[in-house]
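First up is the structure itself, then whatever we jot down about it.
The values are calculated or read from the model by the stated rules, or taken from the named source; none is laboratory data. These figures come from a predicted structure and were not determined experimentally. All Cβ positions, even for glycine, are placed from backbone atoms using ideal geometry, and neighbour counts span all protein chains on display.
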Amino acid sequence: MSGKRSQKRVLESKRRKKTWKKRLLVLGLVCAALCIFLVPTQFKIWKLEGQLKDYRRQADELQTKKQTILQEIEYYSSDAYVEERARQELGLVKPGEVPIRRAVPGRVQPSPEENQVLAD
């Protein structure tokens, strides 16, 4: 009887080992399938997150550029800019001011009488 019992135990332990092997094999296949389906999806997610960072950086740069342009528009619309350009390009002066110009070699400067006419 003890021989039959030990044989039963041996057979039972072999069955248990086979059952565990099958379970491990199925578990391994399930893990492999999950990896096959989830890893490419995760790579896509990482790629999209990288693109999102790039787009956010671009948006920040454009926002900064917009602010700069708005400041330039405000400056170019101001009276100070108009006065500055009138002085530089047209040579206009305020009443009572004496314009001082650099001498350019080879170029004749207007006489003081002509300056007086221009100032009036």
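Brief remarks on what is shown
- Qualifying residue in segment 26-34 (condition: at pLDDT below 95 and within 30 Å of Pro99 (Cα to Cα)): no
- Some residue of segment 26-43 being surrounded by fewer than 10 Cβ atoms within 10 Å (Cβ to Cβ) and more than 34 Å from the chain's Cα centre (by Cα): no
- Residue pairs whose Cβ atoms lie under 8 Å apart, sitting 6 or more positions apart in sequence or on different chains, and linking a residue in segment 57-75 that is within 23 Å of Arg85 (Cα to Cα) and small (Gly, Ala, Ser) to a partner that is modelled with pLDDT under 95 and surrounded by 10 or more Cβ atoms within 10 Å (Cβ to Cβ), do not occur here.
Condition check ((1) assigned to a helix (DSSP H, G or I); (2) touching a Lys or Arg at 6+ places or on another chain (Cβ under 7 Å); (3) farther than 30 Å from Lys94 by Cβ; (4) hydrophobic (A, V, I, L, M, F, W, C)) across all residues:
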site	(1), (2), (3), (4)
Val26	yes, no, yes, yes
Val30	yes, no, yes, yes
Trp46	yes, no, yes, yes
Glu49	yes, no, yes, no
Arg56	yes, no, yes, no
Gln63	yes, no, yes, no
Gln71	yes, no, no, no
